[in-house]
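Novice: Provided herewith is a single structure, encoded as structure tokens, for subsequent inquiry.
The values are calculated or read from the model by the stated rules, or taken from the named source; none is laboratory data. Since this is a predicted model, take the numbers as computed values, not measurements. Positions of Cβ are backbone-derived with ideal geometry, glycine not excepted, and every protein chain shown enters the neighbour counts. These accessible areas exclude ligands, DNA and RNA; they are computed on the full protein's heavy atoms, side chains included. Shrake-Rupley method; radii C 1.70, N 1.55, O 1.52, S 1.80 Å.
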Amino acid sequence: MVSKLYSMGLLGIDAFKVEVESDISNGLPTFDIVGLPDASVKESRDRVRAAIKNCEFKFPVSRITVNLAPADIRKIGPVYDLPILISLLKASNQLCTDISDSIFVGELSLSGQLRAINGILPMVIKAKEENFSKIYLPKENALEGAVVSGISVFPVDNVTQLINHLNGFEQIKPQENKISFSITKKDNLDFSHVKGQYEVKRALEIAAAGGHNILLIGPPGSGKSMLAKRIPSILPDMTFNEIIETTKIHSIAGVLSKNSPLVCTRPFRSPHHTVSPAGLSGGGTIPHPGELSLAHNGVLFLDELSEFSRSTMEVMRQPIEDGVVTISRVKGSISYPCSVMLVAAMNPCPCGYFGHPTRKCTCTPKMVSKYLSKISGPMLDRLDLHVEVPAVDFDNLTSNVQNETSEKIKKRVNEARQIQNLRYKNTQIKCNAKITADILQKSCMITPKAQNLLKIAFEKLGMSARAYDRILKIGRTIADLDKSETIDTQHISEALQYRSLDRKYWQNI
């Protein structure tokens, strides 16, 4: 007898429908799974066999063939344990209920208990799009699945409980739809705790308002890392679409908090400088999102940028520009979104005191040149703002002046983002940093005086076309913070300050 039911698989950040067909026929007892399964799916045979027996059902002693369609897409992970078990019980007439409107996903233990799986949110979203009315999944994943309205999410603890529910003996209550967008502070990091560094704070405010990449360069102990770690406290609030996008990636990667089914705060990822190119961009035998994708809609902080390997840094160049990282394998390609605000921090030389006004640098010119040359020109060009972080003097350190709080800065950032949201309404652009070439001139209206100033700077500083575009985008963000419709000379002047630092450190390389 042949039975058929439905499950879900993952391909990138999206799910796809999988038909699970089981055939029980006469012949030598065998249990085969076809449909391009990987090793973990093939191991389902042993888990399903043990679960059926330990839940006191009868395992068919016949020729069993399970097909996972479509057969041209590789099936990965233990998510198919539960649907395979249910299909076998249905094929052997131990379950006679109509389940054509339901989706089944979940990993089984040998005793029949259901274990949590990754990627529930995209699966439930796809199930709703395919017009299924019910989805049965592990109890630990129910809170995450219930984020999606319009489909009944049933939390299942074990196989016996599920079969009793399907047979009408003991009903499982659907998980309540509890969507909470509350933002909780995980720490006390606030810009009011930072002494001095007013120019750097201003640059970080501009970067947050426009989603611009930024490089912080300065001596050890000047506060580069401390400032970077406080950037999430001034980033604009996430939209609903951004929350869903970010949560899907974290769900697939298995890093979603069990107590919080939605990622409502912008991610802040800070990988160590020993991270591999695959760890940063994503990949592996079974492709998974890397740090770039986990930071989607948030901040990717690279501390000690010059200590990262050249190959690791260069692998970021295209994803930073395109907002998408593509992992190519022989059997296909998978794309993950990675629209991030890149924040990098570094010392100007191995000892850290090159260009310091009071402390003497102990490095030779060759050592300094070799150290700075680790950052390639194209990579440096992709960092919109270059900001020098000087050492804090004693007067600022001991000052009792109340510094501006993150809340006040965030208010201005949110106002600037609202202006941008109206400007780029009905487009895929989220902020000034993502302005495309086709609407650059229209979005960045500039006065004749400011245009002339930009022309002089372009010729004298020998800027690239990319640098010109980025100065225009930074000027647009500064104008938005000033609530100005056009970009004026003061906006361009300030923007140029953030693109001239490379002339100080990299001019002789």
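Novice: Do we find a residue being without any contact (Cβ under 8 Å) to a residue 60 or more places away in the chain and among the acidic types (Asp, Glu) anywhere in the stretch 147-161?
Specialist: yes
Novice: Any residue in the stretch 253-268 that's under 14 Å from Pro236 (Cα atoms): show its pairings with residues that are part of a loop (DSSP other than H, G, I, E, B) and among the aromatic types (Phe, Trp, Tyr) at Cβ separation under 7 Å, as long as the two are six or more apart or on different chains.
Specialist: Cys264/Phe181
Novice: Could you count how many residues in the stretch 426-445 are open to solvent by 30 Å² or more (accessible area, probe 1.4 Å), free of Cβ contacts under 8 Å to residues at least 60 places away in the same chain and at negative phi?
Specialist: Number satisfying all stated conditions: 9.
Novice: Within the stretch 227-241, is there a residue that is within 24 Å of Phe354 (Cβ to Cβ), modelled with pLDDT of 90 or more and not aromatic (Phe, Trp, Tyr)?
Specialist: yes
Novice: Could you go through the stretch 190-198 and let me know if any residue there is in contact (Cβ under 8 Å) with a residue 12 or more places away in the chain, among the aromatic types (Phe, Trp, Tyr) and open to solvent by less than 30 Å² (accessible area, probe 1.4 Å).
Specialist: Yes, the stretch 190-198 contains at least one residue that is in contact (Cβ under 8 Å) with a residue 12 or more places away in the chain, among the aromatic types (Phe, Trp, Tyr) and open to solvent by less than 30 Å² (accessible area, probe 1.4 Å).
Novice: So Ser464 ticks every box in (1) touching a residue at least 60 places away in the same chain (Cβ under 8 Å); (2) under 20 Å from Leu216 (Cα atoms) but one. Which box is left unticked?
Specialist: Going through the list (1) touching a residue at least 60 places away in the same chain (Cβ under 8 Å); (2) under 20 Å from Leu216 (Cα atoms), Ser464 breaks only (2).
Novice: So, Asn432, is that one polar (S, T, N, Q), closer than 30 Å to Val194 by Cα, modelled with pLDDT under 95 and more than 26 Å from the chain's Cα centre (by Cα) or not?
Specialist: Judged against the criteria, Asn432 is not a match.
Novice: Just checking: which of the strands (runs of 3 or more DSSP E) contained wholly in the stretch 44-162 hold 1 or more residues that are closer than 25 Å to Ile244 by Cα?
Specialist: 102-104, 134-138, 152-156
Novice: Now, a different point. What number of residues in the stretch 263-311 are touching a Phe, Trp or Tyr at 6+ places or on another chain (Cβ under 7 Å) and hydroxyl-bearing (Ser, Thr, Tyr)?
Specialist: Qualifying residue count, the stretch 263-311: 3.
Novice: Something else about it: Please work out which one of (1) surrounded by 13 or more Cβ atoms within 10 Å (Cβ to Cβ); (2) part of a helix (DSSP H, G or I) is the condition Gln418 fails and give its number.
Specialist: Condition not satisfied by Gln418: (1).
Here's the yes/no breakdown for (1) of a type outside the set (Phe, Trp, Tyr); (2) at positive phi; (3) at pLDDT 95 or above; (4) in contact with an Asp or Glu (Cβ under 8 Å, 6 or more places away or on another chain):
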{"position": "Ala39", "(1), (2), (3), (4)": "yes, no, no, no"}
{"position": "Ala50", "(1), (2), (3), (4)": "yes, no, yes, no"}
{"position": "Pro60", "(1), (2), (3), (4)": "yes, no, no, no"}
{"position": "Val66", "(1), (2), (3), (4)": "yes, no, yes, yes"}
{"position": "Arg74", "(1), (2), (3), (4)": "yes, no, no, yes"}
{"position": "Ile84", "(1), (2), (3), (4)": "yes, no, yes, no"}
{"position": "Gln94", "(1), (2), (3), (4)": "yes, no, no, no"}
{"position": "Ile99", "(1), (2), (3), (4)": "yes, no, no, no"}
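Novice: Check the stretch 52-62 and report whether any residue there is open to solvent by 10 Å² or more (accessible area, probe 1.4 Å), out of contact with any His (no Cβ under 7 Å at 6 or more places or on another chain), within 18 Å of Tyr6 (Cβ to Cβ) and among the aliphatic types (A, V, I, L, M).
Specialist: No, the conditions are met nowhere in the stretch 52-62.
Novice: Answer with yes or no whether Arg423 is within 23 Å of Leu342 (Cα to Cα), surrounded by 13 or more Cβ atoms within 10 Å (Cβ to Cβ) and modelled with pLDDT of 90 or more.
Specialist: It is false that Arg423 is within 23 Å of Leu342 (Cα to Cα), surrounded by 13 or more Cβ atoms within 10 Å (Cβ to Cβ) and modelled with pLDDT of 90 or more.
Novice: Can you tell me how many residues within the stretch 23-71 are of a type in the set (Gly, Ala, Ser) and free of Cβ contacts under 8 Å to residues at least 12 places away in the same chain?
Specialist: Qualifying residue count, the stretch 23-71: 1.
Novice: All but one of (1) closer than 24 Å to Pro155 by Cβ; (2) out of contact with any Gly (no Cβ under 9 Å at 6 or more places or on another chain) hold for Pro29; state the number of the condition that does not hold.
Specialist: With (1) closer than 24 Å to Pro155 by Cβ; (2) out of contact with any Gly (no Cβ under 9 Å at 6 or more places or on another chain) applied to Pro29, the lone miss is (1).
Novice: Restricting attention to the stretch 436-461, which residues are over 18 Å from Asp384 (Cβ atoms) and not in a helix (DSSP H, G or I)?
Specialist: Met445, Thr447 - these are the residues of the stretch 436-461 that are over 18 Å from Asp384 (Cβ atoms) and not in a helix (DSSP H, G or I).
Novice: Applying the selection to the stretch 278-292, what residues are buried (at least 16 other Cβ atoms within 10 Å of the Cβ) and either small (Gly, Ala, Ser) or modelled with pLDDT of 90 or more (or both)?
Specialist: Matches in the stretch 278-292: Gly279, Leu280, Ser281, Gly282, Gly283, Pro289, Gly290, Glu291, Leu292.
Novice: So, one more: Among the residues of the stretch 9-22, is there at least one that is without any contact (Cβ under 8 Å) to a residue 40 or more places away in the chain, outside any helix (DSSP H, G or I) and touching a Gly at 6+ places or on another chain (Cβ under 6 Å)?
Specialist: Within the stretch 9-22 (the criterion being without any contact (Cβ under 8 Å) to a residue 40 or more places away in the chain, outside any helix (DSSP H, G or I) and touching a Gly at 6+ places or on another chain (Cβ under 6 Å)), the answer is no, since none of the residues qualifies.
Novice: Of the residues that sit in the stretch 99-149 and are β-branched (Val, Ile, Thr) and more than 24 Å from Asn54 (Cβ to Cβ), which one is most open to solvent (accessible area, probe 1.4 Å)?
Specialist: Ranking the qualifying residues of the stretch 99-149, first place goes to Ile125.
Novice: When the stretch 446-460 is examined, which residues are found to be at pLDDT below 90 and loosely packed, with under 15 Cβ neighbours inside 10 Å?
Specialist: Glu459, Lys460
Novice: Name the single residue that is least open to solvent (accessible area, probe 1.4 Å) among those in the stretch 462-484 being hydroxyl-bearing (Ser, Thr, Tyr) and modelled with pLDDT of 90 or more.
Specialist: This residue is Thr477.
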